[in-house]
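Here the structure is laid out as structure tokens; the discussion comes afterwards.
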Amino acid sequence: MTDKYQTREERRKQLQSENNNKKPKEKKPKGKKKGAKQIFKRIFLVLISLGIIGIIAGAITFAVMVKDAPELDANVLKDSISSTIYDMDDKPIEKIGAVNRDYVKYEDIPDLVKDAFIATEDSRFFKHHGIDPIRLGGAVIANFTNGFGSEGASTITQQVVKNFFFNQPQKTLSRKAQEAWLAIQLERKYTKQEIFEMYVNKIFMSENMSGVKTAAKVYFDKDLDELTLPEAAMLAGMPQAPNAYNPFKNPDRAEKRRNIVLSLMNQHGYISDSEMKEAQAASLTESIVAEDKRETSDMKYDPFIKQVISEIEDKYPDVNVYTDGLEIHTTLDTKAQDYVDKVMYEGNVVEFPDEDFQAGISLLDTKTGGILALGGDRDPDVKLGFNYATENPRQPGSTIKPILDYGPAIEYLKWGTYETVEDKPTTYNDTAKTPINNFDNKFLGSMSIREALARSRNIPALEAFRAAGADNAQEFASNLGIKLNEMYESYSIGGLGGKDEGITSLQLAGAYSAFGNEGVYNAPHSVRYFTLNDGTKINMEPESEVAMQDYTAFMVTDMMKSVVNSAYGTGSTANVPGLPMAGKTGTTNYSADDIQKYNIPAGASPDAWFAGYTTNYTMAVWTGYAKRQNYLRSNTVSNDQRIAQLLFKNIMQYISQDVETADFKMPDSVEKVSIEKGTYPARLASSYTPSSQIISEYAVKGNIVQKVSEKYNKLDPAKNAKASYDKDNDAVNLTWSYGDTSDVKFDVSVSINGGAAEQLTTTSDTSLKIAKPDPDSTYTFTITAKSSSMTSDAVTASVKVPAKLEEQPATDENETVDDDTKTDDENTGTEEDKKNNNNGNGNGNNNSNNGNGNNNGNNGNNGNGNGNNKDDEEADENEPDENENEPDENEADESTQTEDAADQSQQSTTP
């Protein structure tokens, strides 16, 4: 053995020595390890405690939330409650409820329909027990991410609970807890088949009906077992938003929703890819019932009730007016509605051109915006059909001008009603520089905005729009409930386009009511309030909003008064005599392409409007056809384009009977201004302005025009003064011309051969005749116009009377006689003698009429002398007929003289 042998004791000592020589190992502190374990234990215990506390708190909270949950009443699960509608006087007018429902048993529901609804509404319906934890988890995450209510987790069972037991129009945590609690109970008491049967018979499917079986009949005229895959999918997609996905009203949206349902059916394995694609390609509009074959309704106030339903469903989508037993209190004026129906349906108050002619009428309370009556369709048999008053956006034509043009100009620029605008050739500011025209293709030059609106001139409206600015116009319209997505210059005359297809008569009536309500806008509404089945009252009246300054409302209103009561206003057909009212006409045009495409005659229009108001009522009327190619004939051919005005007049006259109608009150922010007629830009009337030349206008206080007219400080002189000698009748004729002679008289004096001037007369006529003038004498006349305290510069005119030829001796037959005592039969002699005698009478009478005294039968010169002694009052009483001696101005202007005549007749004018 090579190794040295060692005893056990030696080996032990050696090992001990080696161990002593080794470096000792570092030992970890025992305290730190122990501390980490203790922290972990504490955290774990805290979490466990919090979890327990959370569970306890959640349980307590859940218990508190569900303690007030309704009992799971079997009777409630079977019965639905109709709603009652009341008029403005709280008298019941109609009951609407789930009467239009065909009940279907579970075993009679085709698998195709079951699969469509389950895939869409609750894919794990047959697996959960009332609540779907997976769906609930996804909804919780979505609600934390996007806010409470962003995504629902309701199962079909929960929807049954909600539809039967809850109708509160708000989403709350307590309601969700109660739904979940009742859903669990429902699953315990009823089978899945029974719950599904409750669901498909209860769901609201628009068109005043509930239940899938009824919907199949209404929309497709089929029983459930006759439905195709795309038809079943469309019905399954409706419960989420029944009115939005109504295929009659919104076929495009309904088709998109149907295709989503088909995708879900494919996703959950109910149909193949090829079946899905084939069904998605099917046309929805070809499968639904044609409009002329749809069910009709005997509901008396159909258009109005449809609006009531729409308002509640839009604002409170969880409320079902057909099943929730609501008490709905409306703004309906049954007297007004009955008359609107009479006018619309009977056609003997206003004559319509044919059966296809349509009208949309919206009648509001000016002060509240409450809808008093609606004329929605001329066919009374259509069941909750298309409403031309509320669902028919059309281009408004010139009815938009107060809203986009003149209203903003007064609101933001403080224009007065006399502001001058120019009706002249103009183009839009587009790249093509498209010309803008008036309806008559004429240009009338300068005018006030009052006249421009009353005459419905397009170019001045565009000028006002440009001055106010597109942004201001858009804001002004928005304040009146007309939300325009875009703003082009063509909008200024009602040519809406692009994203803005038009406005409805209800929107227009709402906007106009603010003008009549001192600038305060109340959104049109048909429901004042409604109460739920549990007695909860929900107010529906909108809050009043100040849409414009009171000066804007008053001044636009006063301008629109001129539309109906001025000689040049376009709305005179709508005027109700004696009723303070304002309004505006509107028509629209066909494009060049439409004219060619539909062979439209000149002057035809697709739309005609009239909107107007009193302090009590506001009404907007649209007339036209459903199909654009059917046109309204021009006023020169028929009254088609005036029917809107006739409808307005008849209805407004009827409802205003025995009702006190106050005039529109001028606010303190407005001043009345006296403007001199025909001044552009406007000038204040001076103290010399004739009363006939003064018009009343309005201005914003502190913004009155400052310049005063000087036109009438001195009267204009007479013009075209001319004196001439009439050889045949031996008389001097004096004529002159003047503009408006209504308040003007003329002083006429004469000087013979340069002698002293003597006044002949003061007359309102513009001509004078002197018989038997002195021969070989020059007569110089002076004419001065005067009115009140003003006089004009004098003008003169002269004429030389030639020397008289030697007279021939008279025969017995030509002896002078007293014409006043001799009849025409007694005036014998030659024709020339008769002429002389008659001229004597005529000259004498004429001079007498001019205030020249007792001249009948006497020598002309003597008559003149005597006449000069008459005073002005006697002269006035003997003035001739205004038209008797009126000269022809054109003849006077265009007359020429030979050199010989110039020696006898001279004319001069002194400024």
Subject >> residue 750 out of contact with any Lys or Arg (no Cβ under 8 Å at 6 or more places or on another chain) and at pLDDT 50 or above >> reply: yes
Original post:
Among strands (runs of 3 or more DSSP E) lying entirely in the range 657-771, which contain 2 or more residues that are over 30 Å from residue 582 (Cα atoms) and out of contact with any Leu (no Cβ under 7 Å at 6 or more places or on another chain)?
Top reply: 719-726, 731-737, 745-752, 758-763, 767-771
**OP:** May I ask you to say which residue of 669, 692, 742, 724 is surrounded by fewer than 19 Cβ atoms within 10 Å (Cβ to Cβ), touching a residue at least 60 places away in the same chain (Cβ under 8 Å) and among the polar types (S, T, N, Q)?
**Re:** 669
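Within the range 625-643, can you find the residues that are assigned to a loop (DSSP other than H, G, I, E, B) and of a type in the set (Val, Ile, Thr)?
Correct list: 636, 637.
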Original post:
Do we have residue 315 as basic (Lys, Arg), closer than 18 Å to residue 220 by Cα and touching a residue at least 60 places away in the same chain (Cβ under 8 Å) here?
Top reply: no
Subject >> Filtered residue count, the range 105-122, keeping only those that are surrounded by fewer than 20 Cβ atoms within 10 Å (Cβ to Cβ) and part of a loop (DSSP other than H, G, I, E, B) >> reply: 2
Original post:
Checking residue 536 against (1) of a type in the set (S, T, N, Q); (2) modelled with pLDDT under 95; (3) touching a strand residue (DSSP E or B) at 6+ places or on another chain (Cβ under 8 Å), which single condition isn't satisfied?
Top reply: (3)
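Here is a yes/no grid of residues against (1) in a helix (DSSP H, G or I); (2) modelled with pLDDT of 95 or more; (3) farther than 24 Å from residue 666 by Cα:
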| residue | (1), (2), (3) |
| --- | --- |
| 555 | yes, yes, no |
| 578 | no, yes, no |
| 594 | yes, no, yes |
| 602 | no, no, yes |
| 610 | no, yes, yes |
| 623 | no, yes, yes |
**OP:** Look at residue 233 and say whether it is without any contact (Cβ under 8 Å) to a residue 24 or more places away in the chain, closer than 23 Å to residue 104 by Cα and buried (at least 23 other Cβ atoms within 10 Å of the Cβ).
**Re:** no
Original post:
In the range 310-335, which residues are under 18 Å from residue 533 (Cα atoms) and part of a loop (DSSP other than H, G, I, E, B)?
Top reply: 316, 317, 318, 319, 320, 321, 322, 323, 325, 326
Subject >> Residues that are surrounded by fewer than 21 Cβ atoms within 10 Å (Cβ to Cβ) and of a type in the set (Val, Ile, Thr), drawn from the range 751-778 >> reply: 752, 762, 778
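Can you tell which of 570, 585 is within 13 Å of the chain's Cα centre (by Cα), more than 30 Å from residue 90 (Cβ to Cβ), among the β-branched types (Val, Ile, Thr) and not in a helix (DSSP H, G or I)?
Working: 570 fails: within 13 Å of the chain's Cα centre (by Cα).
Result of the check over 570, 585: 585.
Can you name the residue in the range 768-817 that is polar (S, T, N, Q), out of contact with any Asp or Glu (no Cβ under 7 Å at 6 or more places or on another chain) and under 25 Å from residue 691 (Cα atoms) and is also modelled with the lowest pLDDT among such residues?
Quick first cut of the range 768-817, residues polar (S, T, N, Q) only: 777-778, 780, 782, 784, 787-789, 791-792, 796, 798, 808, 811, 814, 816.
Pick out the ones that are also out of contact with any Asp or Glu (no Cβ under 7 Å at 6 or more places or on another chain) and you get 777-778, 780, 782, 788-789, 791, 796, 798, 808, 811, 816.
Checking which are under 25 Å from residue 691 (Cα atoms) leaves us with 788-789, 791.
Numbers: 788: 76, 789: 68, 791: 85.
Checking each candidate, the answer is 789.
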**OP:** Go through the range 752-783 and count every residue that is in contact with a Pro (Cβ under 8 Å, 6 or more places away or on another chain) and polar (S, T, N, Q).
**Re:** 2
Original post:
Just a yes or no: is a residue in the range 260-274 in contact with a Gly (Cβ under 7 Å, 6 or more places away or on another chain), surrounded by 23 or more Cβ atoms within 10 Å (Cβ to Cβ) and either in contact (Cβ under 8 Å) with a residue 12 or more places away in the chain or within 23 Å of residue 384 (Cβ to Cβ) (or both)?
Top reply: yes
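Determine which member of the set 287, 362 is small (Gly, Ala, Ser), farther than 22 Å from residue 632 by Cβ, out of contact with any Pro (no Cβ under 6 Å at 6 or more places or on another chain) and not in a helix (DSSP H, G or I).
Values: 362 fails: farther than 22 Å from residue 632 by Cβ.
Being small (Gly, Ala, Ser), farther than 22 Å from residue 632 by Cβ, out of contact with any Pro (no Cβ under 6 Å at 6 or more places or on another chain) and not in a helix (DSSP H, G or I) holds for just one of 287, 362, which is 287.
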Original post:
Residues in the range 705-717: is at least one under 30 Å from residue 519 (Cα atoms) and of a type outside the set (Lys, Arg)?
Top reply: yes
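Given the options 536, 570, 531, name the one that is of a type outside the set (A, V, I, L, M, F, W, C) and buried (at least 19 other Cβ atoms within 10 Å of the Cβ).
On the way: 536 fails: buried (at least 19 other Cβ atoms within 10 Å of the Cβ); 531 fails: buried (at least 19 other Cβ atoms within 10 Å of the Cβ).
The match here is 570.
The values are calculated or read from the model by the stated rules, or taken from the named source; none is laboratory data. Since we're looking at a predicted model, the values are computed, not measured. Every residue, glycine as well, gets a Cβ built from its backbone with ideal geometry; the counts of neighbours run over all protein chains shown.
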